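The values are calculated or read from the model by the stated rules, or taken from the named source; none is laboratory data. This is a predicted model, so every value here is computed, not measured. Positions of Cβ are generated from backbone atoms using ideal geometry, with glycine treated the same way; all protein chains shown enter the neighbour counts. Accessible surface areas use protein heavy atoms only, side chains included; no ligands, DNA or RNA. Shrake-Rupley method; radii C 1.70, N 1.55, O 1.52, S 1.80 Å.
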Amino acid sequence: DIQIAAGLAPKAKIVIYYASSIPEAIHLAIHDNKNNPSVLSVSWAIAEDQSPVAKRELLDLLCYKAALKGITIVAASGDYGAYNNKTYPNVMLPASNPFVLGCGGTELYKQSQEAVWYSNDNNNHIHGSGGGYSAIYPIPNFQQKAISYYKTNVFPYGKIGRGIPDISANSSPNTAYNIFFNGKSFIGAGTSAATPVWAALIARLNKALGYRLGWINDIIYKLEGSAAFKHVLKGNNGYFPATSGWDAATGLGAPNGVELNKAITAL
């Protein structure tokens, strides 16, 4: 995570928060008045139904506080597709929190086009972009239009809530990030590699724009279907198919940073 973020935003100051839980780490970050972070990259993830209610309510409060302080939280949607190692579709925290930007995964193919990241080997080992609908949070206002279109015109589904992911980036081990560290070469992959890509991009956008984007979700959904995103049209995450616009496998799509900067400036 750190290598990818530092490689893409080399002038950014990067602070690492060590903690025993997601809420503890976010608490440390939002109360760090010395470093005053503007973007948090979170690769920890837990299935919604595995998170105790008290811990989830604390997380809700902390994510809301982060938004009030102008901090963007980007979180990985998970690496095990729509079913997330269960028998039913489900999504992960903190990515499903409405005050968090949930990041899914794509795979590059010919001429830099992108498809949903998803693989299932002969031993039924599934890896791919986490995505679907929250069983906890209702559909937030910023997603109403996008989700309504997807459910009505692309992929009907039962009772739905907050959709995940919001956005995505290259995550596949087949088209992974080459990392060179301490004299050795490594591969960076998964939605935990896509998440710092977006975190670094937002840090650079903050610098270019001259202000903090903070809670960015409401802004980016106004740009659905625009040149700010590479639209993912191919594949699925084991259940939910990709389409133009928002979908429950790759969100609004992968970023075109230059166009995203132009579009936000225009807004």
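Observations on the model:
Rundown of residues vs (1) among the hydroxyl-bearing types (Ser, Thr, Tyr); (2) surrounded by 15 or more Cβ atoms within 10 Å (Cβ to Cβ); (3) touching a helix residue (DSSP H, G or I) at 6+ places or on another chain (Cβ under 8 Å), yes/no style:
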position: Ile26; (1), (2), (3): no, yes, yes
position: Gln50; (1), (2), (3): no, no, no
position: Ile73; (1), (2), (3): no, yes, yes
position: Asn84; (1), (2), (3): no, yes, no
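- Residue count, region 88-119 (criterion: within 17 Å of Pro140 (Cα to Cα) and either outside any strand (DSSP E or B) or open to solvent by 10 Å² or more (accessible area, probe 1.4 Å) (or both)): 9
- Tabulated pairs, region 210-225, first over 18 Å from Lys69 (Cβ atoms), second acidic (Asp, Glu) and modelled with pLDDT of 95 or more, C-beta under 8 angstrom, 6+ apart or interchain: Ile220/Asp166; Tyr221/Asp166
- Region 234-258, residues that are open to solvent by 60 Å² or more (accessible area, probe 1.4 Å) and either in contact (Cβ under 8 Å) with a residue 24 or more places away in the chain or not in a loop (DSSP other than H, G, I, E, B) (or both): Lys234, Asn236, Tyr239, Val258
- Within region 146-174, restricting attention to residues that are buried (at least 16 other Cβ atoms within 10 Å of the Cβ) and among the polar types (S, T, N, Q), the residue that is farthest from the chain's Cα centre (by Cα) is Ser172.
- Restricting attention to region 92-111, the residues being of a type in the set (Gly, Ala, Ser) and under 18 Å from Val232 (Cα atoms) number 3.
- Condition met for Arg204 (among the charged types (D, E, K, R) and closer than 26 Å to Thr87 by Cα): no
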